[in-house]
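Before I ask anything, here is the structure I am working with.
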Amino acid sequence: MRVILLILLVFPLLAPVKAHAMVDPATSAAVSTANLDLLLERAMSENLIAGGVVVVGNHEGILATAARGQLSAVAGAPAITDRTLFDVASLTKVIATTPAVVKLLDEGRISLTDTLSRWFPELAGTDKGNITVLHLMTHTSGLSDVMVGQGGSVEGLVRKVATQHFRGAGSGFEYADINFILLGELVHRVSGERLDKFCREQIYEPLGTRDTSFLPSRDGNDIAPTSGTQGGVVQDENARRLGGVAGHAGLFSSAYDLARYARLILGRGTLDGTRILSEQAVAQMTTPYACNNGRIKRALGWDVASPFSAPKGTYFSDASFGHTGYSGSSIWIDPQQDVFVIMLTRRVDYRNVHNFNQLRRNVSTYAAADLKGVAGELAPVAEVEKIKAQVILASAAVINEPRRHRVASLKWRDDRRAAKCSVKPGRRVLQARAGHRFGKVSKVARNDAGKTRAAAKKHRSLARS
């Protein structure tokens with residue numbers, strides 16, 4: 001009974017906040033880094049990451065930077081900063097391949113309705129020939145990932161694509177690197193320049209992001225290492241076999257450079273008076289397309305609402321979009337509220353996907369809450385850890401109570417499940433499992449208002465009883 005009373009007392013602090021989207025511009029000119037620092041430190045203490053950096057900003061510039069950890073485990077290694085280079089993994093899809101394809105679209109050199117058979121004659125006459133550029137950009141091509149051969153030949157990869165069994169283009173959303181490997185090669189075939197050169201000349205040099213590149217020339221010792229690889233060597237095996245330049249992975253960048261790219265998007269294609277993308281191109285790139293009967297929304301390259309949308313957090317609007325990277329990177333941009341959040345980390349734990357995604361949610365939620373001026377609605381990280389410890393101690397105390405008094409509290413402990421969203425193999429239906437209302441504060445970043453309402457309803461029911 002004591003435990004139930006204690007839980008009811010701390011419920012207002014541990015319950016998720018009301019998940020409503022911001023609709024007005026940011027009202028604060030600055031973001032506190034206190035909670036962001038604590039989130040990074042806690043992730044390090046839990047061995048999720050060995051260090052990382054978070055940058056929050058708007059179209060005018062960076063508003064806050066939080067960084068923790070060192071470049072490597074070597075004694076005396078430099079501290080991680082917003083200038084540290086990271087392997088950004090799948091952010092390559094939206095920082096390199098997507099703007100490159102959109103530039104070609106904007107120039108009229110390709111169309112979203114172009115079929116693969118036009119640019120890949122190897123696929124003419126096959127059932128893959130009717131896949132369009134739009135299918136590839138939205139991961140609705142129906143293609144499944146294949147491994148690049150030891151020789152690293154794109155032609156060999158295309159031959160594998162031609163013979164694979166697939167369910168048909170447009171049949172549903174299935175995230176696959178092969179879509180962007182083909183798009184990266186498409187840029188090469190249309191422009192006559194390899195993806196890395198095209199991006200450097202058309203995007204990165206005009207943008208002033210001089211540290212962003214494939215095959216970084218800087219000494220690998222001053223680049224954050226990715227698990228299993230040294231600094232400067234791309235982690236993704238397919239990207240390595242393709243020589244380090246591919247449409248799905250291989251890009252290295254810093255939080256500072258990515259902030260400039262995010263500002264370009266918020267500036268509708270213009271940064272510091274220089275136009276790099278047309279306003280129409282940016283609008284086309286970020287317009288959402290509904291997949292799987294509206295359950296999933298993807299823009300051209302960008303994620304809008306899907307099982308991969310953890311960095312959206314709680315307070316970002318429905319107009320926001322972003323992407324994640326396997327190496328521990330993420331970016332989320334909200335043009336409606338003029339804000340972006342970037343996180344780059346030295347990821348250590350690749351198995352605990354749920355907790356890592358929760359870190360992504362929390363970072364965005366706390367940053368946006370500061371801008372919104374509602375950070376007070378979120379219990380500070382340190383305070384909630386203290387409360388959580390008190391609840392655990394109280395739960396342990398019930399062991400000495402008679403069994404009849406332990407039933408309710410044991411049921412509560414067994415039901416502390418985390419919010420989880422997954423796609424079952426062979427099915428394209430999202431399965432959502434609501435986390436318990438007494439979950440720790442890191443679960444405050446749920447972006448499903450229905451779960452919050454359900455939790456409140458259960459709480460009122462308990463209070464009445």
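Please state which of the following conditions E185 fails to meet, knowing it meets all the rest: (1) modelled with pLDDT of 95 or more; (2) over 21 Å from the mean Cα position of the chain (by Cα); (3) at negative phi; (4) outside any helix (DSSP H, G or I).
The one condition E185 does not meet is (4).
Among the residues of region 275-288, write down those that are over 20 Å from the mean Cα position of the chain (by Cα) and either free of Cβ contacts under 8 Å to residues at least 12 places away in the same chain or open to solvent by less than 60 Å² (accessible area, probe 1.4 Å) (or both).
Hits for region 275-288 are R275, I276, L277, S278, E279, A281, A283.
Is it the case that some residue within region 194-213 is of a type in the set (S, T, N, Q), in contact (Cβ under 8 Å) with a residue 60 or more places away in the chain and either touching a Leu at 6+ places or on another chain (Cβ under 7 Å) or open to solvent by less than 30 Å² (accessible area, probe 1.4 Å) (or both)?
Yes - at least one qualifying residue is present in region 194-213.
Restricting the search to region 104-121, which residues are open to solvent by less than 30 Å² (accessible area, probe 1.4 Å) and under 21 Å from Q284 (Cβ atoms)?
Within region 104-121, L104, L105, I110, L112, D114, L116 qualify.
Shifting gears a bit: Looking at D219 and the list (1) of a type outside the set (A, V, I, L, M, F, W, C); (2) on the phi > 0 side of the Ramachandran plot; (3) open to solvent by 30 Å² or more (accessible area, probe 1.4 Å), which single condition is not satisfied?
Going through the list (1) of a type outside the set (A, V, I, L, M, F, W, C); (2) on the phi > 0 side of the Ramachandran plot; (3) open to solvent by 30 Å² or more (accessible area, probe 1.4 Å), D219 breaks only (2).
Same structure again: Tally time: how many residues in region 125-143 are among the small types (G, A, S) and either farther than 20 Å from N292 by Cβ or open to solvent by 10 Å² or more (accessible area, probe 1.4 Å) (or both)?
Count: 2.
Also: I need the full set of residues from region 43-80 which are buried (at least 22 other Cβ atoms within 10 Å of the Cβ), within 14 Å of S254 (Cβ to Cβ) and touching a Phe, Trp or Tyr at 6+ places or on another chain (Cβ under 8 Å), in order please.
V55, G57, listed by residue number.
Name every residue in region 129-170 that is touching a helix residue (DSSP H, G or I) at 6+ places or on another chain (Cβ under 6 Å) and not small (G, A, S), in order of residue number.
I131, L136, H139, L143, D145, V146, V148, V154, V158
Over 16 Å from G301 (Cα atoms), of a type outside the set (S, T, N, Q) and modelled with pLDDT of 95 or more: is that true of L277 in this structure?
It is false that L277 is over 16 Å from G301 (Cα atoms), of a type outside the set (S, T, N, Q) and modelled with pLDDT of 95 or more.
Follow-up question, since we're still on this one. Being part of a loop (DSSP other than H, G, I, E, B), open to solvent by 10 Å² or more (accessible area, probe 1.4 Å) and at pLDDT 50 or above is the requirement here; does R83 meet it?
Yes, satisfied.
Which of (1) closer than 21 Å to G52 by Cβ; (2) surrounded by fewer than 24 Cβ atoms within 10 Å (Cβ to Cβ) does Q336 not meet, given it meets every other one?
Exception for Q336: condition (1).
Sticking with this one: Could you list all residues from region 256-265 that are touching an Asp or Glu at 6+ places or on another chain (Cβ under 6 Å) and either of a type in the set (K, R) or surrounded by 22 or more Cβ atoms within 10 Å (Cβ to Cβ) (or both)?
Scanning region 256-265 gives a single hit, D257.
The values are calculated or read from the model by the stated rules, or taken from the named source; none is laboratory data. Everything quoted here is computed from the prediction, not taken from an experiment. Please note: Cβ atoms are built from the backbone with ideal geometry, for glycine as well, and neighbour counts cover all protein chains shown. Protein only, heavy atoms only, side chains kept; ligands, DNA and RNA dropped before computing areas. Shrake-Rupley method; radii C 1.70, N 1.55, O 1.52, S 1.80 Å.
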